[in-house]
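Encoded as structure tokens, the structure appears first; notes follow it.
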Amino acid sequence: MVRYRWRYAAGFFMLCWRSGMAAALPYIIGQAVDYLSADFTVAGLGWYAAAMIGAAGLKAVGQYYMRWILITLSRDIEYDLRNDLSAHLVTLPKRFYDSYRTGDLMARATNDLAQVRSLLGPGVMYTSEIAVTFIAVMIVMAATDWVLTLLIFAPMPLVSLSAGYFGRRTHAQFQKIQERFSAISAGVQEHLANIRMLRAYGQGPQEQERFRKLNDDYLRDNLGLIKIWRVFYPLLEALVGLAYIAVLGFGGWRVLRGEITAGTFLMFISFLPVLTWPMIGLGIVVNILQRGTASLERLTELMQQRPSIADGQATDYAIDAVRGDIELENVTVQYPGANEPALKNVSLYVPAGRSLAIVGSIGSGKSTLVNLIPRLLDPNKGRVLIDGRDARAVPLAVLRRAVGFVPQETFLFSRSIDDNIRLGAAEAEQWEVEEAVAAANFETDVADFPDELDTLVGERGITLSGGQKQRTAMARALVRRPRILILDDATASVDTETEHRILTRLQARLRNCTTLMVSHRVSAARHADRIVVLDEGRIVEAGSHRELLALGGLYQRLHNRQLIEEELAKN
Amino acid sequence: MSPQRTIGGEFARSEVPPARVYDAKLMRRLAAYLRPYRTLVGLSLALLVMHSLLGVTGPYLTKVAVDRYLQPKPEERSPLDPLLPEDPVDGLIAVSALYLAILLAGFAARYFHIHVMNLTGQRTMRDLRREIFAKLQCLGVPYFDRQPIGRIVTRITTDVDVLNELFTSGVVAIAGDVLTLAFAFGAMLYLSPVLTLVFLSIAPVTALASFLFRKHARAGFRAMRAAVAKINAFLQETFTGISEIQLFNHEQATLDEFAAVNEEHRQANYKAIRAHALFYPTIELIGVAGLAMLIFFGGKGVVEGSLTLGAVVAFMQYGARVFRPIQDLAEKYNILQAAMAGAERVFQLLDTPPAAAETAQGEPGAADGLRVEFRNVWFAYRNEDWVLEAVSFTAEPNEMLAVVGHTGAGKTTLVSLLLRFYEIQKGAILVGGRDIRDWPVRQLRKQFGIVLQDPYLFAGTIAGNIGMNSPDVDAAAVRRAAENAHLAQYIQSLPAAYDEPMLERGASLSAGRKQLVGFARALAHGRPFLILDEATSSVDSETEHEIRKTLETLLSGRTSIVIAHRLSTIGRADRILVMHKGRVAEIGAHRELLAKGGIYSRLHQLQYLSESTRPA
């Protein structure tokens, strides 16, 4: 917040100006009323009226600049916070994104950020405005009659106590409500994601019952918040009313005793509306402050997540290129919360320019293994070596620049296909993109799209099939001319024939590129220089296609099953 | 009064606010949701009237105190006179006591008003959520194929919350403001019609200022919503595509683009801030001008004897009260606009015509036998891209029919059609001798036990996952099913046995055990037909044996359609249906198909090869 201190100071100055005028105004009004209650002339009244308008004009100017400075300031802080937050978030590893639901992250980056903005803008502004106005009014009042002033402000400690008490309760209740709200979202989300199974088992009534419970819980906790508010808000109003009674009863009594004039009495009466708004505003301020701090906690939690995978002390910035030698040394990976490691003591070596296929059943650790190379994941034990150096020594940007990764399920941004292919390679020439498209066996599909490469993907454009998505991802990986190409079951959504065509073209193109190829299909793996078979996180077989077939183990069984599939697909 | 929340990134497409703030049709429809609570709404309004009325009595009491006791004007009478003692001190006490009583009544009115109003709002919201959820139950599976889940979740959560805000902070607050204004003006008219007219002379200026503000605010508000939508969409994509962004060194470019969107949002806000910063002081300035006129003309009235001092002071207090509601207009305007947009989206969902399949009443009645028949079935998800072409076959009672075919041959579609998730275009499907379109859809689905590749396991207990909280599956049935699925021993070994909590998607179970839970579920529900989509991957050898044995139990006494991947499963089938590119290529018993020398016989040779190398 340090960088904004001068603007806060300027805003605070305008705030004092505005509040000073706000206190002067009832003083003038009071004087006018005092003047009215004695002998007076209409001309004199005109002066008072003019003074009022003058003070109000000055107040308006102060108020305008106060709002303008402080609120734009809060928007600027919001802008910076949001940029900082996103800059921080893009450095966080996949593991972080696995543990937070997207909806939750969205809520924090939008809703919570907005609450914090309210805290730093209107929250700060109203709090100081109320405080300064109170003090200014108190000074003006005390100068007129301190006894009555004391009486009016006597309930103030009570006000701040109750604001504190209700504020804490609001805070706690509000957190409960947030959780209930998340539960409803998650419940509906789960329901929709499994709609077929639920329909098949006729779960409609049970699901409605489950939803009814979530819904009722949310209602109950919201009513809990209302239980707080229904006391707090009227209480603030009532306290203002008490001030009225104090002035009316005690002030009136003093007028009768001749201790103060009727004019002073009326002046106090006209001060009270000025106090009304701060009192009511106090309720709003408490709300803003409590929500803002609750949200700040949620944001801080994100900002305190350290990027576990980043350049650090081990980084050797002299490394500016990667040749493509890959070695795994006794690597063990265990996901948090999992009972068993996903990879157990895996060692392997792939010389630069050679290819390795990794086969195995679902959950055997294939994807985990390839995620280690571009450091989407770091091993718990053992080392990953790139060109003989620990992967942690290679600057992350250099390492990833050298890797072309085609994931199992690719994500396409709602932009043109061209933009999607150029992701992270904006400088690529048009012919390079076209070449990559051709290498991915995607050119005939692209030619059929309404705007060819400029066709938009996603809801405002066309929806790509699984196979088309995978080939876009492949072109995306190829256009950056990687030293290391990783195909994580990248041909699962195309038929074996297309797969064959893609792999042949790739081979022609990738003669000196290290290739890691995860596949559940033997047909894709058989052409690799070497094949490893993973089972429950261990390498159980390794060798060439021929050697493994001769071994008569897991690989051979997979191979035979594959032949059946192929036979079925054939005409 | 619940907080506004934003979730998901679909705002870019659907969050653009409508042009109108007030839409009579929408309002009428929204009002209908209050009908069940009309007593509460009436009460709420009565309390609101009471609270506003009590609120305007204060200045009048001051006036009475001034004119009767502090600067006595004997000629000035008030309706309160008979109640008030002559002695000034007693009189002041009486007025103060009266004030206190009114204050307490006001407190009570406000307390109950807040309670009743929010109770109504929250209940209405709950009803609307229930209605939406119930509506989802009668929408067909194709609807869910088209709509992103996040969008539907937003409808039922955020959008409904906004509607609550419309009721509590929007409509009711506006009603309260209008009442306060009306009562204050009433009191002013009662005190002095002339002075009221003087005060009202500022009304046109106020109206003009409000009009100008609304014009600017609307533009700023729209730009803001659009910018927020962009930010949300951008964040959503960034979070979902984070791996791609990191892998492809796209971080900096992403941040640059985000900064641009963020800047757009900031600029839109600047406009709105300027409008607000101008509007609030302007209204206040106008208000003070009004007060100055009151003092001037009121003072003149006092000199001329047409007004009392107390009346002028009371007048000024009323004048001060009139301006807060006008200033708050800005706030309420935003709420109204957001709420109207939310209402439109919610009603759009509610107006989606229900799927005929999901609401089919059919003729109640039992299955006549256990036969399943497809008669010349044609089906396409879209237009005429046929996924199934002229498919005809039968599964005889108690028969196990294995369906084999390559990926995309239409195996899974067969299952979806059988359960009537989609409507076929041509032909007929008969279950138990009845066309599925004649079955009440719920009853139809109750005929099937279903085990899918990835059994849907939800957060809850293990017993809950087997019994699925169905009323017709009791604890004993769950235990029996667990025993028959060879799960009982494992479950007993868990700390809480059958009440052991399970993580979402059964994350704590191995793949094999998940499958067994799926089997146990089908066993527990004891349905006459079975649909089994066998898992493609081999499971650990530990559970492989148990799965085979459970399958045996599951298949006996049922008509089963099994999408088979494993050779051992195909070998057990009574007949085999070979699907090829949406058509039935071959169907028959193992021997028949072998003799035929078609696809299946070629397969068998490979199978033999494969099976022979399989460990026993």
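The values are calculated or read from the model by the stated rules, or taken from the named source; none is laboratory data. Source: prediction; values computed, not measured. Using ideal geometry, Cβ is built from the backbone for each residue, glycine included, and neighbour counts are taken over all protein chains shown. Keep in mind that these areas ignore ligands, DNA and RNA; they rest on the heavy atoms of the full protein, side chains included. Shrake-Rupley method; radii C 1.70, N 1.55, O 1.52, S 1.80 Å.
General observations
- Structural descriptor for chain B: relative contact order 15 percent, calculated from alpha carbon pairs under 8 angstrom and at least 6 residues apart.
- Nonlocal amide H pairs with residue B:530, under 5 Å, H built at 1.01 Å: B:449, B:559, B:560, B:561
- Mean residue ellipticity, 222 nm, helices only, the protein assembly as shown: the sum of -39500 (n - 2.57) across DSSP H runs of n ≥ 4, divided by residue count and rounded to 500, is -20000 deg cm²/dmol.
- Percent carbon-and-sulfur accessible area, chain A, ignoring ligands, DNA and RNA, probe 1.4 Å: 56
- Sequence of A:513, A:16, B:138 when ordered by accessible area, the most exposed leading, probe 1.4 angstrom: A:16, B:138, A:513
- For chain B, share of DSSP beta bridges that run antiparallel, in % to the nearest 5: 55
- Residues whose amide H lies under 5 Å from that of residue B:426, counting only those 5 or more places away or on a different chain, are B:378; hydrogens are built 1.01 Å from N in the peptide plane.
- For the peptide B:595-602, the mean number of other protein chain Cβ atoms found within 10 angstrom of a residue's Cβ is 1.
- Accessible solvent surface per residue of the stretch A:159-236, calculated while the other protein chains remain in place, 1.4 angstrom probe, Å²: 38
- The stretch B:71-148-the stretch A:246-320 distance, computed between alpha-carbon centres (Å): 25
- Qualifying trypsin sites (Lys or Arg not before Pro) in the stretch A:150-246, DSSP loop, other Cβ atoms within 10 Å at most 14: none
- Furthest towards positive pole of dipole, B:164, B:310, B:105, structure part the stretch B:22-350, Cβ charges: B:164
- Dipole-positive endmost among A:258, A:300, A:274 within chain A (Cβ charges, Cα centre): A:258
- What the stretch B:459-526 shows is 44 Å² of accessible area per residue, with the surface traced by a 1.4 Å probe over protein heavy atoms.
- Dipole magnitude of chain A, debye to nearest 20 (Cβ charges: Lys/Arg +1, Asp/Glu -1, about Cα centre): 1100
- Note, ³J(HN,Hα) from phi for the stretch B:457-464, Karplus 6.51, -1.76, 1.60, rounded to Hz, x at Gly and Pro: 10, 10, 5, x, 7, 5, 5, x
- Close amide H pairs (under 5 Å, H built 1.01 Å from N) link residue B:585 with B:578, B:579, B:580, residues at least 5 positions away or on another chain.
- Relative contact order for the stretch B:22-350, counting Cα pairs under 8 Å that sit 6 or more residues apart, in percent: 31
- Helices in chain B that qualify as membrane-span-like (whole DSSP H runs, Cα extent of at least 27 Å along the helix axis, mean Kyte-Doolittle hydropathy of 1.0 or higher) are B:172-191.
- Hz values of 3J(HN,Hα) by residue in the stretch B:377-385 - Karplus curve (6.51, -1.76, 1.60), Gly and Pro given as x: 8, 10, 8, 9, 6, 9, 6, 10, 7
- Toward the positive end of the charge dipole of the stretch A:409-481, with +1 on the Cβ of Lys and Arg and -1 on the Cβ of Asp and Glu, the farthest Cα among A:446, A:457, A:410 is that of A:410.
- Taking every alpha-carbon pair within the stretch B:22-350, the share separated by more than 32 Å comes to 50 percent.
- For the stretch A:17-83 versus the stretch B:573-597, the gap between their alpha-carbon centres in whole angstrom: 91
- The trypsin sites (Lys or Arg not before Pro) of the stretch B:306-414 that meet both conditions, a loop assignment by DSSP and at most 13 other Cβ atoms within 10 Å of the site Cβ, are B:382.
- Rg and Dmax of the stretch A:144-246, Cα atoms only, in Å: 23.1, 80
- Rounded tilt (10° steps) of A:124-144 against the dominant C-alpha axis of chain A: 10
- Centre-to-centre separation between the Cα atoms of the stretch A:145-194 and those of the stretch B:261-287: 28 Å.
- Its Cα centre serving as origin, the protein assembly as shown has a Cβ charge dipole (Lys and Arg +1, Asp and Glu -1) of approximately 760 debye.
- Local net charge near residue A:285, Cβ-Cβ under 13 Å (Lys/Arg +1, Asp/Glu -1): 0
- Ranking of A:448, A:535, B:574, A:454 by solvent-accessible surface, largest first: A:448, A:454, B:574, A:535 (1.4 Å probe, protein heavy atoms only, all chains present).
- P(r) weight above 34 Å for the stretch A:2-303, C-alpha pairs, percent: 42
- Accessible surface of the stretch B:459-526, 1.4 Å probe: 49 percent of it comes from carbon and sulfur atoms.
- Here the protein assembly as shown was treated as a single set of alpha-carbon atoms; its pair distances binned every 20 Å from 0 give 10, 32, 30, 17, 9, 2, 0 percent.
- Gyration tensor (Cα) of chain A, equivalent ellipsoid semi-axes in angstrom: 72, 26, 22
- Once the Cβ-Cβ distance of residue B:271 and residue B:595 is raised to the sixth power relative to R0 = 60 Å, the FRET efficiency obtained is 0.15.
- Entry for chain B at q = 0.05, 0.10, 0.12 Å⁻¹: log10 I(q)/I(0) = -0.43, -1.03, -1.27, Debye formula applied to identical alpha-carbon scatterers, no solvent contribution.
- Within the stretch B:22-350: Cβ-based charge dipole about Cα centre, in debye rounded to nearest 20 (Lys, Arg +1; Asp, Glu -1): 1000
- Out-of-range pairs (alpha-carbon distance over 31 Å; input A:94/A:227; A:59/A:227; A:176/B:215; A:59/B:271; A:469/B:271; B:135/B:446): A:94/A:227; A:59/A:227; A:176/B:215; A:469/B:271
- Exposed loop sites here mean GluC sites (Glu not before Pro) with a DSSP loop assignment and at most 11 other beta-carbon atoms within 10 Å; chain A contains its longest site-free run at A:1-426.
- Backbone HN-Hα couplings from phi across the stretch A:176-183 [Karplus 6.51/-1.76/1.60, Hz, Gly and Pro as x]: 4, 4, 4, 5, 4, 5, 4, 5
- Annotation for the A:B interface, with buried accessible surface near 13800 Å², both sides summed [1.4 Å probe; non-protein components not counted].
- Descending Cα extents along the principal axes, the stretch B:459-526, whole Å: 27, 21, 20
- Helix axis angle, A:5-37 relative to chain A longest principal axis, alpha carbon, degrees: 30
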